[in-house]
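To start, the structure itself, in C-alpha cells.
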Amino acid sequence: MPAYMAREEFLQPNDGRHTGNVGTVLGGLARSATRRLKRNRTRAALRAMSDRELRDIGLYRGDIPHVLAALDETAPGRAAMAPTAARLSA
C-alpha cells in the first residue's frame, strides 16, 4: 500500500473495506446500546410477571434466560421463541 493516496482515490466512495470511520463506530455503539436497553426491559417485564402470567404466554420462569439469549440471536423485528414454546408447538 502506498504511503500516499492520489486525489482520485481519496474522493472515491467508500467500498466497505474501511470500517474505522466515526459514523460506523457510533452507529455500532448506538445499536448495541439499543439492544441492551430492549433486553433489560424485556428481562424486567418477564421477571415482574407471575408464574401464571408466564404460563399464559407459554413460558416458565426458567425460560427467561433462554428468551433473552434468543433475543440476542434474532434479527430485528423477529420474535424469539422460548424452548418450552418450541417443544409445545412441535
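Pairing each residue of the stretch 29-52 that is under 16 Å from H66 (Cβ atoms) and among the acidic types (D, E) with any residue that is in a helix (DSSP H, G or I) and at pLDDT below 90, provided the two are 6+ apart or on different chains, yields no C-beta distance under 7 Å.
Selection of helices (runs of 4 or more DSSP H) fully inside the chain by the criterion of at least 2 residues being at pLDDT 90 or above and within 23 Å of the chain's Cα centre (by Cα) returns 22-48, 64-73.
The values are calculated or read from the model by the stated rules, or taken from the named source; none is laboratory data. What you are looking at is a predicted structure, and each value in this text was computed from that prediction instead of being measured. Positions of Cβ are backbone-derived with ideal geometry, glycine not excepted, and every protein chain shown enters the neighbour counts.
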